[in-house]
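Enquirer: Structure below; questions to follow.
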Amino acid sequence: MTERTFFGKLFRWICKPDIYEELEGDLQESYRLNRERFGANKARSIYNKEVVKMMRPSVVKKPKIRTQITTNYMFKSYSKTAIRNLLRSRLFSVINIIGLAISMSVGLLVINIIIDQTSFDNFHTRGDRIYRVITESHYMDFGASYLATSPTPLAEGLENFSGIERVVKLRRYFNFDVATDERKLPMEGHYADENFLSVFSFKLQQGNPETALKKPFSLILASKAAKKLFGDGEAVGQNVTVGPYGEFSITGILEDIPRNSHMQFEMLASFSTLPILEAQDKLHKTTTNWFDYTSNYNYLLLNEDMDLGDIENFLLSQSSRYDEDENLRVFFSLQSLAEITPGLDLSNQIGPTFESSVIVAFSILAAVVILSACFNYTNLSIAKALRRLKEIGVRKVMGGKRHQIVIQFLFESVITSLGALLLAFIIMKAIQGQFLEITRDLTQFLAFELNLLVVASFVAFALFVGILAGILPAIYLSATKPASILRDETKIKIFSGIGIRKALIVLQFTISLIFIIVATVANKQFRFAINYDLGFDRQHILNVPLQGNNYQTFINEYSKFPELESISMSSHIVGLGTRNNIWVKFGADSVLSDRLFASGNFIPNHGLQLIAGRTFPEREPGESEHLIIVNEKLLKQLNIGSPLESLEKIITTSRGTEMKIVGVVKDFHYAKLNQPLEGFYLHYYPDAFRQANLKVRSSDMASTMAAFEKTWEGIDGKVHDFEAEFYDNQIDEAYSSYTKAIKVIGFAAVLAISIASMGLLGMAVYSAETKIKEVGIRKVMGADVSNLVSLLSMGFLKLLAIAAVIAVVVTILIFQQLVLPEMAYKAPLGPMEFLIGVGIMLAIGTLTICSQALRAARVSPSESLRSE
Amino acid sequence: MKGTHLGEFQEIVLLTVLVLGENAYGVSIQEEIGVRMGRALSRGALHAALARLEKKNFIQSEFGGATKERGGRRKKYYKLTIGGKQALEEAKRLREGLWSDVPQVSWQNIK
């Protein structure tokens, strides 16, 4: 029960033993009450808060090591000595605090994300018993797909399964324009069955949760959506028209969906509507079709003590439903509600999710930077320890125990890390906004809230980092023997760890350099991709999503503009990563081909080159012959023959559509550059037109756009926003994964290089100080400044050179083995990226070292040799 | 005198113990005060108050039966002592005295 959790154990540990029985009993009883009221997650969180609030003198037991007075006294003494020591070597302390702060800011960000993400879906009272059925499918040897969806017919078997209390059937994409008598608004939602409201804890403000989603054509709205549609008027009981599906009656109003829900929607239609729509052929059949496992969802509410194994066995047995297709293998399994986000990378998610792997990647990044800063601390502490050996010796002679000296050192490191925490928090606040900009959905998805748990985790994290940084020097230095220290400190082999310290510096700079090079290479790939000749003209083209409006009306209205040079229609925008493919057959050959539904002037509008034949002719409505224009590659793949021979030939799709080739177009890049060019055809099919491609030449773009928008409002009736975007910008956006990578890796590079150079700075200062006498004597003997600078910096420069060589080799390996083979069209690796990276690193490193070497070499020998 | 002073929260706790009668133990007191004051009260804060009251000899406690919900731990029941009763009476008298001396005029003038 609760006493086995971390907080439970913590409470047992801190609580006075004579009152523990009463208090833990009470807490546990409250926990059970709360679990029935709010669900296990909430109850546990209340329990944890209760434990935190137990931290008060009347409950916490007194430390039994010493009496209160000695402990206080020792505490004061430790902190006083620690602060004095930190102040004595100010430069080192500042380096340590800044280095730790920079790295800890990333750690804080990760902690914040983890805490935020684990709070997802915790408001469902029965969340610990809710599971989702997920699907793994293998088709031929195309690799496995992992899907969040599962077929609806599966629900029937699950409903009859003892141990499952309820099954919720869902289908996504209930995204339509909803119209009342007065207004029409686009809205997004799902289809859900009547169990939805009893299994999930979304609260109905109005309406009956048992029946609201029962009857076909029922609709419930989230309160914000209801307000938009009806203002303050009564919504329940009203009828609205939903897209092409006719009248729905509103049966309930939901409280707005909490931000930390993995499903987001403005409205829900009753699932019982689906069979009717499917029977009318308005939707493809999913409710009775085992082979459609990509549209619908099954969520389960299990009984209290249900054995998951039984259900999983049952789900596995369902794989036999697919025996008839020997190319297809399908497996079902369970995923608990808590595992949805952060969770596996599944396709067809019902809403935005955060992959656990991303969190792991961020954590690793944070760990690397934090370890790097801790290395600095360790490195510098050991380096400056020579000055403190006498102190340790005297402490030991006076009766100081080893553990007290360890505590003394840890006090210093913890005070440093707590100081760094404040700075880290400020840095985190500054980079947080940048971080959220990486992806658009992150902003609504992640909230950086500061609650008790977050703050407590931050402090715990700082303590952990402090101990991590300080533990090595503490153990190492406290082990020295007082007799040998006090007799002759020069004989102590304190620097036996010198090899390790050099290795650490090399490692830090290697990592920094790898980051720098990766960022420059990513930048080069991005430039390459956006400037690549895709084989078609995209300048001056403005793409406008039709959003359900009639394409002919659109053409008629916009043709009036003199700025409009030409206009074409297409189903999607090529070159951005959206693909639509289908198996096509010619004679004995069949192949998976990409396609685009487009109008006749798509080809001239985009400057595509026809090798043979013509573009689609203008046709009367009602003509139903399917005409296509293929690319050269498809001709080759299907063995149709030369471009001229191919004209008038018929190709058949796997759905049985017969299509006549009327033209052949030169190959162009319809997909993103990381994917190779394959077979492709353009198909004249007006029903599928979703985008207008406007070629615009205007001397005053701003006013043209304003006029366009006005015309749009006339066509659309102010339901949808005018979403025009220039093709060039869309291409930039399509390759934004590069810009994101450049941002993240570039940031990591800045972190790594600043931490590494601060470590190097500390080492250079130390080495200059210890050699001050040697420098003085050499100067007296006639050495000049340049000799001395090279003497002081050579060792470090060698380390930098080693780091540069390792980093270059490692990055070349990473790119050639892992990254570049994944991309079909890429910029080759040139020496420039490496030179830039190495140059930056050497410049920063040399500057750091030489500044210190120069300072030491300039000191007058009379100063350095005067005192002994 | 500090030893017999009754803070406002302590007064509420004492009264709640009286209200609950035979069934006054940690969880029931916590819940009752939570419901009446309309906000959650932490068990830790309640413990501090109970411990102080017990130290002043206003209440006494004894262990009751163990139950499964509590992981086999016993409940600790609280009840008032004579001292507690006197302290409550004292507090009540003080308040009533003050109330009765508030002039009607100055009460009604506050608007």
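Enquirer: Among the candidates A:GLU22, A:GLU50, single out the residue that is in contact with a Ser or Thr (Cβ under 8 Å, 6 or more places away or on another chain), surrounded by 19 or more Cβ atoms within 10 Å (Cβ to Cβ) and facing chain B (nearest Cβ under 10 Å). Can you show your working first?
Expert: On the way: A:GLU22 fails: in contact with a Ser or Thr (Cβ under 8 Å, 6 or more places away or on another chain).
Going through A:GLU22, A:GLU50 in turn, the sole match is A:GLU50.
Enquirer: Moving on to the next point. What are the pairs, 6+ residues apart or on separate chains, where a residue within region B:48-63 that is facing chain A (nearest Cβ under 9 Å) has its Cβ under 7 Å from a residue that is assigned to a loop (DSSP other than H, G, I, E, B) and not polar (S, T, N, Q)?
Expert: B:ALA48/A:ARG56
Enquirer: Tally up the residues in region A:216-245 that are over 15 Å from A:SER272 (Cα atoms), not in a helix (DSSP H, G or I) and not hydroxyl-bearing (Ser, Thr, Tyr), please. Walk me through it before giving the result.
Expert: Applying the first criterion (over 15 Å from A:SER272 (Cα atoms)) to region A:216-245 yields A:221-244.
Adding the requirement that they be not in a helix (DSSP H, G or I) leaves A:221-222, A:231-242.
Filter again for not hydroxyl-bearing (Ser, Thr, Tyr), leaving A:221-222, A:231-240, A:242.
Number satisfying all stated conditions: 13.
Enquirer: Mind checking which residues of region A:542-554 are surrounded by 17 or more Cβ atoms within 10 Å (Cβ to Cβ) and outside any loop (DSSP other than H, G, I, E, B)?
Expert: Answer for region A:542-554, where residues must be surrounded by 17 or more Cβ atoms within 10 Å (Cβ to Cβ) and outside any loop (DSSP other than H, G, I, E, B): A:LEU542, A:ASN543, A:VAL544, A:PRO545, A:TYR551, A:PHE554.
Enquirer: Take B:GLU32 and decide whether it is surrounded by 15 or more Cβ atoms within 10 Å (Cβ to Cβ), modelled with pLDDT under 90, within 14 Å of chain A (Cβ to nearest Cβ) and in contact with a helix residue (DSSP H, G or I) (Cβ under 6 Å, 6 or more places away or on another chain). Give the derivation first.
Expert: Numbers: surrounded by 15 or more Cβ atoms within 10 Å (Cβ to Cβ): yes; modelled with pLDDT under 90: no; within 14 Å of chain A (Cβ to nearest Cβ): yes; in contact with a helix residue (DSSP H, G or I) (Cβ under 6 Å, 6 or more places away or on another chain): yes.
In short, no.
Enquirer: Right, something else. Checking B:GLY84 against (1) away from chain A (no Cβ under 14 Å); (2) surrounded by fewer than 16 Cβ atoms within 10 Å (Cβ to Cβ), only one condition comes out false. Which one?
Expert: (2) is the only condition that B:GLY84 fails.
Enquirer: Just to be sure, is A:VAL406 without any contact (Cβ under 8 Å) to a residue 60 or more places away in the chain, surrounded by 15 or more Cβ atoms within 10 Å (Cβ to Cβ), under 30 Å from A:MET74 (Cα atoms) and not basic (Lys, Arg)? Spell out how you get there, then give the answer.
Expert: Numbers: without any contact (Cβ under 8 Å) to a residue 60 or more places away in the chain: no; surrounded by 15 or more Cβ atoms within 10 Å (Cβ to Cβ): yes; under 30 Å from A:MET74 (Cα atoms): yes; not basic (Lys, Arg): yes.
It is false that A:VAL406 is without any contact (Cβ under 8 Å) to a residue 60 or more places away in the chain, surrounded by 15 or more Cβ atoms within 10 Å (Cβ to Cβ), under 30 Å from A:MET74 (Cα atoms) and not basic (Lys, Arg).
Enquirer: Working only within region A:805-847, note down all residues that are outside any helix (DSSP H, G or I) and among the hydrophobic types (A, V, I, L, M, F, W, C).
Expert: Within region A:805-847, the subset outside any helix (DSSP H, G or I) is A:823-830.
A:MET823, A:ALA824, A:ALA827, A:LEU829, listed by residue number.
Enquirer: Shifting gears a bit: Can you name the residue in region A:752-803 that is in a helix (DSSP H, G or I) and of a type in the set (Lys, Arg) and is also nearest to the chain's Cα centre (by Cα) among such residues? Break it down into steps so the answer makes sense when it comes.
Expert: Going residue by residue through region A:752-803, those that are in a helix (DSSP H, G or I) are A:752-770, A:772-780, A:785-803.
Cutting the leftovers down to of a type in the set (Lys, Arg) gives us A:773, A:778-779, A:798.
Values: A:LYS773: 54, A:ARG778: 57, A:LYS779: 57, A:LYS798: 38 Å.
Residue satisfying both the conditions and the ranking: A:LYS798.
Enquirer: Return only the number of the condition from (1) surrounded by 16 or more Cβ atoms within 10 Å (Cβ to Cβ); (2) on the phi < 0 side of the Ramachandran plot that A:ASN327 does not satisfy.
Expert: The failed condition is (1).
Enquirer: Right, here's the next one. Quick one: is A:ILE849 surrounded by fewer than 18 Cβ atoms within 10 Å (Cβ to Cβ) and closer than 23 Å to A:GLN508 by Cα? Break it down into steps so the answer makes sense when it comes.
Expert: Values: surrounded by fewer than 18 Cβ atoms within 10 Å (Cβ to Cβ): no; closer than 23 Å to A:GLN508 by Cα: yes.
The answer is no for A:ILE849.
Enquirer: Any residue at all in region A:725-743 that's basic (Lys, Arg) and either in contact with a helix residue (DSSP H, G or I) (Cβ under 8 Å, 6 or more places away or on another chain) or within 21 Å of A:LYS826 (Cβ to Cβ) (or both)? Steps first, please.
Expert: We begin by selecting, within region A:725-743, every residue basic (Lys, Arg); these are A:740, A:743.
Narrowing further to those that are either in contact with a helix residue (DSSP H, G or I) (Cβ under 8 Å, 6 or more places away or on another chain) or within 21 Å of A:LYS826 (Cβ to Cβ) (or both): A:740, A:743.
Yes.
Enquirer: Can you confirm whether region A:227-239 contains a residue that is among the small types (Gly, Ala, Ser) and on the phi > 0 side of the Ramachandran plot?
Expert: From region A:227-239, those among the small types (Gly, Ala, Ser) are A:231, A:233, A:235, A:237; that's our starting set.
Next, from what is left, pick out any that are on the phi > 0 side of the Ramachandran plot: A:231, A:237.
Yes, because at least one residue in region A:227-239 is among the small types (Gly, Ala, Ser) and on the phi > 0 side of the Ramachandran plot.
Enquirer: A further question follows. Would you say B:ARG52 is out of contact with any Leu (no Cβ under 6 Å at 6 or more places or on another chain) and in a loop (DSSP other than H, G, I, E, B)? Working first, answer last.
Expert: Details: out of contact with any Leu (no Cβ under 6 Å at 6 or more places or on another chain): yes; in a loop (DSSP other than H, G, I, E, B): no.
The answer is no for B:ARG52.
Enquirer: Another question, if that's okay. Restricting to region A:240-268, name every residue that is within 31 Å of the chain's Cα centre (by Cα) and in contact (Cβ under 8 Å) with a residue 60 or more places away in the chain. Before you say what the answer is, go through the steps one by one.
Expert: First, pick out the residues of region A:240-268 that are within 31 Å of the chain's Cα centre (by Cα): A:254-268.
Answer for region A:240-268, where residues must be within 31 Å of the chain's Cα centre (by Cα) and in contact (Cβ under 8 Å) with a residue 60 or more places away in the chain: A:PRO258, A:ARG259, A:ASN260, A:SER261, A:HIS262, A:MET263, A:GLN264, A:PHE265, A:GLU266, A:MET267, A:LEU268.
Enquirer: Sticking with this structure for a sec: Can you tell me which of A:LYS710, A:LYS695 is crowded, with 18+ Cβ neighbours inside 10 Å and within 28 Å of A:GLY600 (Cα to Cα)?
Expert: It is A:LYS695.
Enquirer: Tell me whether region B:37-48 contains one or more residues that are assigned to a loop (DSSP other than H, G, I, E, B) and within 21 Å of A:VAL60 (Cα to Cα). Quick ask: steps written out before the conclusion?
Expert: Step one: of region B:37-48, the residues assigned to a loop (DSSP other than H, G, I, E, B) are B:38-42.
Still in the list and also within 21 Å of A:VAL60 (Cα to Cα): B:41-42.
Looking for residues that are assigned to a loop (DSSP other than H, G, I, E, B) and within 21 Å of A:VAL60 (Cα to Cα), one finds at least one in region B:37-48, hence yes.
Enquirer: Moving on to the next point. Yes or no: A:ILE777 under 28 Å from A:LEU513 (Cβ atoms) and in the same structural domain as A:VAL521 (by TED's automatic domain parsing)? Working first, answer last.
Expert: Values: under 28 Å from A:LEU513 (Cβ atoms): no; in the same structural domain as A:VAL521 (by TED's automatic domain parsing): yes.
So A:ILE777 fails the test.
Enquirer: A follow-up question, please. Return the pair list, or none, for Cβ contacts closer than 8 Å from residues in region A:594-606 that are closer than 16 Å to A:ASP537 by Cβ and assigned to a strand (DSSP E or B) to residues that are modelled with pLDDT under 90 and among the basic types (Lys, Arg), at least 6 apart or on different chains.
Expert: Close Cβ pairs satisfying both conditions: none exist.
Enquirer: Another question, then. If I ask for residues that are closer than 15 Å to A:GLU50 by Cβ and either among the basic types (Lys, Arg) or in contact with a His (Cβ under 8 Å, 6 or more places away or on another chain) (or both), which ones from region B:22-60 would you list?
Expert: Once the filter is applied, which keeps residues that are closer than 15 Å to A:GLU50 by Cβ and either among the basic types (Lys, Arg) or in contact with a His (Cβ under 8 Å, 6 or more places away or on another chain) (or both), region B:22-60 yields B:GLY26, B:ARG39, B:ARG43.
Enquirer: Can I ask one more? For A:ILE14, state whether it is closer than 20 Å to B:LEU46 by Cβ and facing another protein chain (nearest Cβ under 10 Å). Before you say what the answer is, go through the steps one by one.
Expert: Working: closer than 20 Å to B:LEU46 by Cβ: yes; facing another protein chain (nearest Cβ under 10 Å): no.
When the stated conditions are applied, A:ILE14 does not pass them.
Enquirer: Applying the selection to region A:650-668, what residues are modelled with pLDDT of 90 or more and part of a loop (DSSP other than H, G, I, E, B)?
Expert: A:LYS666, A:ASP667, A:PHE668
Enquirer: In region A:147-158, is there at least one residue being over 27 Å from A:LEU328 (Cα atoms) and of a type in the set (Val, Ile, Thr)? Give the derivation first.
Expert: As a first pass, look at region A:147-158 and keep what is over 27 Å from A:LEU328 (Cα atoms): none.
Looking through region A:147-158, none of the residues is over 27 Å from A:LEU328 (Cα atoms) and of a type in the set (Val, Ile, Thr).
Enquirer: A:LYS61: away from chain B (no Cβ under 14 Å) and surrounded by fewer than 17 Cβ atoms within 10 Å (Cβ to Cβ), yes or no? Give the steps one after another, and end with the answer.
Expert: On the way: away from chain B (no Cβ under 14 Å): no; surrounded by fewer than 17 Cβ atoms within 10 Å (Cβ to Cβ): yes.
Against the criterion (away from chain B (no Cβ under 14 Å) and surrounded by fewer than 17 Cβ atoms within 10 Å (Cβ to Cβ)), A:LYS61 does not qualify.
Enquirer: Right, something else. With the checklist (1) small (Gly, Ala, Ser); (2) within 14 Å of another protein chain (Cβ to nearest Cβ); (3) farther than 22 Å from A:GLU3 by Cβ; (4) surrounded by fewer than 18 Cβ atoms within 10 Å (Cβ to Cβ) in hand, flag the one item B:GLY38 doesn't pass.
Expert: Unmet for B:GLY38, out of (1) small (Gly, Ala, Ser); (2) within 14 Å of another protein chain (Cβ to nearest Cβ); (3) farther than 22 Å from A:GLU3 by Cβ; (4) surrounded by fewer than 18 Cβ atoms within 10 Å (Cβ to Cβ): (2).
Enquirer: Tally time: how many residues in region A:92-145 are over 23 Å from A:PRO258 (Cα atoms), part of a helix (DSSP H, G or I) and of a type in the set (S, T, N, Q)?
Expert: Total satisfying the criteria: 4.
Enquirer: Got a sec? Which of B:GLU96, B:GLU89, B:GLU22 is away from chain A (no Cβ under 14 Å), charged (D, E, K, R), assigned to a helix (DSSP H, G or I) and touching a strand residue (DSSP E or B) at 6+ places or on another chain (Cβ under 9 Å)? Spell out the reasoning first.
Expert: Numbers: B:GLU96 fails: touching a strand residue (DSSP E or B) at 6+ places or on another chain (Cβ under 9 Å); B:GLU89 fails: touching a strand residue (DSSP E or B) at 6+ places or on another chain (Cβ under 9 Å).
The unique qualifying residue is B:GLU22.
Enquirer: If I filter region A:717-724 for residues that are under 30 Å from A:LEU564 (Cα atoms), touching a residue at least 40 places away in the same chain (Cβ under 8 Å) and in contact with a helix residue (DSSP H, G or I) (Cβ under 8 Å, 6 or more places away or on another chain), do I get at least one hit?
Expert: At the first step, the residues of region A:717-724 found to be under 30 Å from A:LEU564 (Cα atoms) are A:717-724.
Right, trim to touching a residue at least 40 places away in the same chain (Cβ under 8 Å) and you get A:717, A:719-720, A:722-724.
Within this subset, residues satisfying the condition of being in contact with a helix residue (DSSP H, G or I) (Cβ under 8 Å, 6 or more places away or on another chain) are A:722, A:724.
Yes, there is a match, as at least one residue in region A:717-724 is under 30 Å from A:LEU564 (Cα atoms), touching a residue at least 40 places away in the same chain (Cβ under 8 Å) and in contact with a helix residue (DSSP H, G or I) (Cβ under 8 Å, 6 or more places away or on another chain).
Enquirer: Is it true that A:VAL819 is modelled with pLDDT of 85 or more and in the same structural domain as A:SER754 (by TED's automatic domain parsing)?
Expert: No: the conditions fail for A:VAL819.
Enquirer: Across region A:25-47, which residue is nearest to the other protein chains (Cβ to nearest Cβ) among those that are hydrophobic (A, V, I, L, M, F, W, C) and over 16 Å from B:LEU41 (Cα atoms)? Outline the logic, then answer.
Expert: Keep residues of region A:25-47 that are hydrophobic (A, V, I, L, M, F, W, C), which gives A:27, A:33, A:38, A:40, A:43, A:46.
If we keep only those that are over 16 Å from B:LEU41 (Cα atoms) too, we end up with A:38, A:40.
Values: A:PHE38: 12, A:ALA40: 15 Å.
Residue satisfying both the conditions and the ranking: A:PHE38.
The values are calculated or read from the model by the stated rules, or taken from the named source; none is laboratory data. Model, not experiment: these values are computed from the prediction. Using ideal geometry, Cβ is built from the backbone for each residue, glycine included, and neighbour counts are taken over all protein chains shown.
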